[in-house]
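The values are calculated or read from the model by the stated rules, or taken from the named source; none is laboratory data. In this text, all values refer to a predicted model and were calculated from it rather than measured experimentally. Note that each Cβ is placed from the backbone with ideal geometry, even for glycine, and that neighbours are counted across all protein chains shown.
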2 protein chains.
Amino acid sequence: MPRDHRRAKSIRVLLAEDQGMLRGALALLLGMEADIEVVAQVGAGDAIVDAALTHRPDVALLDIELPGMSGLDAAAELRTQVPDCRVLILTTFGRPGYLRRAMEAGAAGFLVKDGPVEDLAAAIRRVLSGETVVDPALAAAALSAGPNPLTARECDVLKASAGGATVADIAAGLHLSESTVRNYLSSAIGKTGTRNRMEAMREARQQGWL
Amino acid sequence: MPRDHRRAKSIRVLLAEDQGMLRGALALLLGMEADIEVVAQVGAGDAIVDAALTHRPDVALLDIELPGMSGLDAAAELRTQVPDCRVLILTTFGRPGYLRRAMEAGAAGFLVKDGPVEDLAAAIRRVLSGETVVDPALAAAALSAGPNPLTARECDVLKASAGGATVADIAAGLHLSESTVRNYLSSAIGKTGTRNRMEAMREARQQGWL
DNA sequence: ATCCGGGCGGGACAAATGTCATGGCCGACC
DNA sequence: GGTCGGCCATGACATTTGTCCCGCCCGGAT
């Protein structure tokens with residue numbers, strides 16, 4: 001005989017968020033909803049799939065920027081490994097490219113960390129009932145921005161150039177010639193319409209292309 | 001006749017945090033503590049002092065990175081304009097320089113956003129009772145790291161060089177000659193022991209010097 | 001009175017960065 | 001089979017960046 005005293009079946013939620021305080025606060029608040037139960041909390045991206053396999057949540061609430069594995073990549077993995085689990089992305093940045101990638105990864109919803117906490121439980125319920133939860137303005141922005149024009153290699157080089165790495169550093173890190181690296185950087189700078197690698201990185205990040 | 005049903009006087013808290021969801025969640029949780037009352041919530045640094053003057057909180061819980069005015073600057077202002085209000089800094093980054101500046105600004109405590117939510121209410125009570133709340137390991141790091149070696153101008157130039165601005169941009173923005181800008185950048189790079197402006201910025205940020 | 005240290009700028013030079021043209025290699029697509 | 005695009009690489013070149021000189025003006029400390 002189940003020890004659950006509630007009549008309605010409660011919604012099982014997996015919570016992935018690296019900031020301990022926010023994770024704890026959200027878990028407590030969600031746990032107070034009568035029909036919601038937080039069955040797992042993780043602080044790293046590479047723990048998401050394991051936790052989902054173990055606890056079989058109905059909804060996974062995923063941050064994007066996580067140590068280990070991105071929440072977007074985790075969403076894609078969940079799609080195949082735990083297909084019954086619906087994914088709700090919860091992120092600081094409403095970048096067009098993030099939303100696009102979230103949708104391509106099969107996410108059912110996309111929330112930004114601004115906006116009131118009250119939205120959260122509501123979004124979880126709507127997502128579970130089959131709705132897709134996305135801010136319309138953000139969706140429009142994502143559509144009008146168009147897809148990522150950068151090739152995989154150009155993204156690699158931009159990512160590797162973060163933190164002030166020199167061309168030589170990047171070349172060594174990616175096992176490329178220095179000339180090749182400069183060519184990729186140059187073309188990324190061209191495609192982003194910027195003047196140097198820093199601006200190109202900024203722009204690519206802003207768009208959610210990295 | 002006061003409508004407050006509790007016997008004990010409750011602790012009046014001002015909450016300054018730009019991320020809406022975290023702000024809302026913390027406000028709800030703190031409000032559930034029997035002896036704590038959130039009397040004001042703000043999402044911008046330049047609203048802190050006004051709100052404190054209006055609502056006369058016992059404790060101000062301040063994020064550092066805020067739009068408008070830094071939580072550290074706001075703490076310094078509170079020190080003079082609302083001296084009875086104790087300041088508890090709540091930040092994502094446990095940078096040594098942040099802790100140092102927080103203490104110099106008269107903060108009574110310094111919490112990082114990792115670590116459990118449960119610490120928060122406890123820290124508020126301890127701060128109010130006169131204790132200073134600081135993670136000992138972080139305090140040691142701040143002490144051993146030494147003070148900021150950069151001059152005010154060097155900081156300005158580093159800040160202005162964020163986002164990929166060229167020397168010409170920085171010079172124009174700060175009304176300086178390009179030679180001067182390059183000299184400041186060079187000396188900042190030297191003092192940080194780095195190889196270029198990007199690394200210098202990274203390091204200076206890491207240390208909390210900006 | 002002298003000596004810092006900081007703010008500001010100039011000039012010269014080496015190194016890093018960004019651009020461009022060119023070419024080979026591959027796989028996908030028509 | 002031909003074409004196109006991505007990946008990788010060279011070499012030459014202009015521009016930017018970083019370094020090291022030098023100098024001037026100030027205000028505060030000794």
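From the list B:120, B:185, which residue is closer than 28 Å to residue B:85 by Cβ, part of a helix (DSSP H, G or I) and more than 9 Å from DNA strand C (Cβ to nearest atom)?
Just one listed residue meets the conditions, B:120.
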May I ask you to verify whether residue B:160 is away from DNA strand C (no atom under 16 Å from the Cβ) and over 17 Å from residue B:14 (Cα atoms)? no
For the stretch B:71-89, check the following and say yes or no: at least one residue is within 14 Å of chain A (Cβ to nearest Cβ), touching a residue at least 24 places away in the same chain (Cβ under 8 Å) and within 24 Å of residue A:32 (Cβ to Cβ). no
Count, please, the residues in the stretch A:189-198 that happen to be within 8 Å of DNA strand C (Cβ to nearest atom), assigned to a helix (DSSP H, G or I) and within 14 Å of chain B (Cβ to nearest Cβ). 3
For residue B:66, which of the numbered conditions (1) hydrophobic (A, V, I, L, M, F, W, C); (2) part of a loop (DSSP other than H, G, I, E, B); (3) within 12 Å of another protein chain (Cβ to nearest Cβ) fails to hold? (3)
Given the condition within 14 Å of chain B (Cβ to nearest Cβ) and in contact (Cβ under 8 Å) with a residue 24 or more places away in the chain, answer yes or no: does some residue in the stretch A:161-174 qualify? yes
Residue check for residue A:195: within 10 Å of DNA strand D (Cβ to nearest atom), closer than 28 Å to residue A:100 by Cα and surrounded by fewer than 21 Cβ atoms within 10 Å (Cβ to Cβ): yes
Condition first: modelled with pLDDT under 95 and either among the hydrophobic types (A, V, I, L, M, F, W, C) or not assigned by TED's automatic domain parsing to the domain that holds residue B:120 (or both). Can you find one or more residues in the stretch B:49-67 that meet it? no
Looking at the stretch A:175-188, which of its residues are away from every other protein chain (no Cβ under 14 Å) and at negative phi? A:176, A:177, A:178, A:179, A:180, A:181, A:182, A:183, A:184, A:186, A:187
The lone exception for residue A:127 - which of (1) in contact (Cβ under 8 Å) with a residue 40 or more places away in the chain; (2) within 14 Å of another protein chain (Cβ to nearest Cβ) it fails: (2)
Taking the stretch A:125-153 on its own, how many of its residues are away from DNA strand C (no atom under 16 Å from the Cβ) and part of a loop (DSSP other than H, G, I, E, B)? 8
Criterion first (among the charged types (D, E, K, R) and either outside the structural domain of residue B:139 (by TED's automatic domain parsing) or free of Cβ contacts under 8 Å to residues at least 40 places away in the same chain (or both)) does residue B:104 satisfy it? yes
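Being surrounded by 19 or more Cβ atoms within 10 Å (Cβ to Cβ) and not in a loop (DSSP other than H, G, I, E, B) is the requirement here; does residue B:107 meet it? Lay out the reasoning, then the answer.
On the way: surrounded by 19 or more Cβ atoms within 10 Å (Cβ to Cβ): yes; not in a loop (DSSP other than H, G, I, E, B): no.
No; evaluated as a whole, the condition is false for this residue.
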With (1) in a helix (DSSP H, G or I); (2) hydrophobic (A, V, I, L, M, F, W, C); (3) farther than 30 Å from residue B:21 by Cβ as the list, and residue A:176 as the residue in question, which single condition is left unmet? (1)
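For (1) surrounded by 15 or more Cβ atoms within 10 Å (Cβ to Cβ); (2) within 10 Å of DNA strand D (Cβ to nearest atom); (3) at pLDDT below 95, each residue gets a yes or a no:
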site	(1), (2), (3)
B:138	yes, no, yes
B:145	yes, no, yes
B:156	yes, no, no
B:186	no, yes, no
B:202	yes, no, no
Hey, residue A:132 without any contact (Cβ under 8 Å) to a residue 40 or more places away in the chain and assigned by TED's automatic domain parsing to the domain that holds residue A:99 or not: yes
